[in-house]
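The structure appears right after this line, and notes come after that.
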Amino acid sequence: MALFRAAISGRILKSSTVVGARSMSSWWQSVEPAPKDPILGVTEAFLADPSPDKVNVGVGAYRDDNGKPVVLDCVREAERRIAGGFNMEYLPMGGSVNMIEESLKLAYGENSDLIKDKRIGAIQSLSGTGACRIFADFQKRFCPDSQIFIPVPTWSNHHNIWRDANVTQKTYRYYHPESKGLDFTGMMDDIKNAPNGSFFLLHACAHNPTGVDPTEEQWKEISHQLKVKGHFAFFDMAYQGFASGNTVKDAKAIQIFIEDGHQVGCAQSYAKNMGLYGQRIGCLSVVCDDDKQAVAVKSQLQQLARPMYSNPPVHGALIVSTILGDPELKKLWLGEVKGMADRIIGMRTALRENLENLGSSLSWEHITNQIGMFCYSGMTPDQVDRLTKEFHIYMTRNGRISMAGVTTGNVGYLANAIHEVTK
Ligand code: IK2
């Protein structure tokens, strides 16, 4: 009994020491606020601004000509068809088989031999970000000493993704500030000088943030050089259809690499081209030697997803597979993608014309030369700060304008403000 009492009092003493220690210093005392995300932080600042004049050309999310978010007609119709007809069971660990099948056709071509021969290991992903992240983890797990070469500049989250996957990051030259175009020579030199067998992150189309893509001829040379060096090409394709308005044309770079015999990886996103931002729906695929390897790779991709989120969400997958699996709906979608791309192209012309009509002494040719959702304006961080302070115009400090946020209603105001801060 005495022994029992001693044991009890020992336990109490021990636990009260722990409680005491915890109350003296809180668990998370050393946690500092994380720095604001350079892209999503812009939206937060925009929302907090009460000015009626405010304009958000920060985040790359499509808006109609009234500045309103858009739900595509094909999505509304798919939702109508889905409503009530499906249960809410878990998807398989790798996601919706139909959605994956349709996504592969979109990326690799309707009649791709790789698909027929079942040479692609693929899973449904949490949009483009999730696809990149699972791939980065896959790279680390199976090529632990490899590094990833990332273009300068790139979508800022690429750095976070490969950092958190503990993959060593290197950069390659991409954008040429003087010409506001591609630094093709620098890029080719960096590909040549990288250690053989490196990983290269390539934007398949509509490069974010520059809006500068290689030409078809340049892609052929890039593909050739990557092959010579035995590098691995990982395509991030977040904007298929947004560059040219044509999904086949926008997948041309992947086509060229496949014809050259590369075994590429690809991250697809339906955030932009189907407007399914919040559904978090995408696809990660890796081209393999044969069907057996593809099964193994898929199983490992799933294995990486399992401890993070077990299996992906069902609703976005149903929307995508319903649209892409029905020729009528797919046709409607392709028309709507083109409509979004065309509105952006129209706004590029309008912004450039407005700046030229205001008598700007600078060249604004690059606004119409660049493609996709973004214009890399060449404005400095200080000029961007003035746009925000003096005109309530919100954009990332690297001078990137999300053309998707430009409308016939605000283009004049935007041009005038840009003219004022760049005089
Ligand atoms: N990869 C690239 C190159 C992207 O641009 C994006 C989306 N970025 O959008 C925000 C912005 O830059 O304003 C993605 C991947 C991933 O997008 P998601 O995960 O939404 O599919």
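The values are calculated or read from the model by the stated rules, or taken from the named source; none is laboratory data. Since we're looking at a predicted model, the values are computed, not measured. Please note: Cβ atoms are built from the backbone with ideal geometry, for glycine as well, and neighbour counts cover all protein chains shown. These area figures cover heavy atoms from the full protein model, side chains too; ligands, DNA and RNA do not enter into them. Shrake-Rupley method; radii C 1.70, N 1.55, O 1.52, S 1.80 Å.
Would it be correct to say that Thr368 is under 17 Å from Ile344 (Cα atoms) and outside the structural domain of Ser244 (by TED's automatic domain parsing)? Spell out how you get there, then give the answer.
Numbers: under 17 Å from Ile344 (Cα atoms): yes; outside the structural domain of Ser244 (by TED's automatic domain parsing): yes.
Yes; evaluated as a whole, the condition is true for this residue.
Somewhere in segment 243-254, is a residue within 15 Å of the ligand (Cβ to nearest atom), under 18 Å from the mean Cα position of the chain (by Cα) and at pLDDT below 95?
Yes; the residues of segment 243-254 include at least one that is within 15 Å of the ligand (Cβ to nearest atom), under 18 Å from the mean Cα position of the chain (by Cα) and at pLDDT below 95.
Quick check: is even one residue across segment 374-395 in contact (Cβ under 8 Å) with a residue 60 or more places away in the chain, within 16 Å of the ligand (Cβ to nearest atom), outside the structural domain of Pro177 (by TED's automatic domain parsing) and more than 18 Å from the chain's Cα centre (by Cα)? Spell out the reasoning first.
Step one: of segment 374-395, the residues in contact (Cβ under 8 Å) with a residue 60 or more places away in the chain are 374-376, 378, 388, 391-395.
In the following step, the residues that additionally are within 16 Å of the ligand (Cβ to nearest atom) were identified as 374-376, 393-395.
Next, from what is left, pick out any that are outside the structural domain of Pro177 (by TED's automatic domain parsing): 374-376, 393-395.
Filter again for more than 18 Å from the chain's Cα centre (by Cα), leaving 393-394.
Within segment 374-395, one or more residues are in contact (Cβ under 8 Å) with a residue 60 or more places away in the chain, within 16 Å of the ligand (Cβ to nearest atom), outside the structural domain of Pro177 (by TED's automatic domain parsing) and more than 18 Å from the chain's Cα centre (by Cα).
Just one of (1) away from the ligand (no atom under 12 Å from the Cβ); (2) open to solvent by 10 Å² or more (accessible area, probe 1.4 Å) trips up Tyr239, so point out which.
(1)
Can you pull out the residues in segment 265-283 that are within 21 Å of Asn246 (Cα to Cα) and more than 9 Å from the ligand (Cβ to nearest atom)? Show your work before the answer.
Here is the first cut: in segment 265-283, the ones within 21 Å of Asn246 (Cα to Cα) are 266-277, 281-283.
Matches in segment 265-283: Cys266, Asn273, Met274, Gly275, Cys283.
Hey, could you check segment 355-373 for residues that are open to solvent by less than 70 Å² (accessible area, probe 1.4 Å) and outside any loop (DSSP other than H, G, I, E, B) and say which is farthest from the ligand (Cβ to nearest atom)?
Leu355
What tally of residues in segment 36-52 results from selecting those that are touching a residue at least 24 places away in the same chain (Cβ under 8 Å) and closer than 17 Å to Ile401 by Cα?
Count: 7.
Tell me whether segment 118-131 contains one or more residues that are among the hydroxyl-bearing types (Ser, Thr, Tyr) and at positive phi.
Residues of segment 118-131 among the hydroxyl-bearing types (Ser, Thr, Tyr): 125, 127, 129.
Filter again for at positive phi, leaving 127.
Among the residues of segment 118-131, at least one is among the hydroxyl-bearing types (Ser, Thr, Tyr) and at positive phi, which makes the answer yes.
Could you tell me whether any residue of segment 129-137 is away from the ligand (no atom under 15 Å from the Cβ) and in the same structural domain as Val287 (by TED's automatic domain parsing)? Please lay out each step first, then the result.
First, the residues of segment 129-137 that are away from the ligand (no atom under 15 Å from the Cβ): 137.
Subsequent filtering for residues that are in the same structural domain as Val287 (by TED's automatic domain parsing) retains 137.
Within segment 129-137 (the criterion being away from the ligand (no atom under 15 Å from the Cβ) and in the same structural domain as Val287 (by TED's automatic domain parsing)), the answer is yes, since at least one residue qualifies.
Checking Met308 against (1) within 16 Å of the ligand (Cβ to nearest atom); (2) in a helix (DSSP H, G or I); (3) buried (at least 17 other Cβ atoms within 10 Å of the Cβ), which test does it fail?
Every condition holds for Met308 apart from (3).
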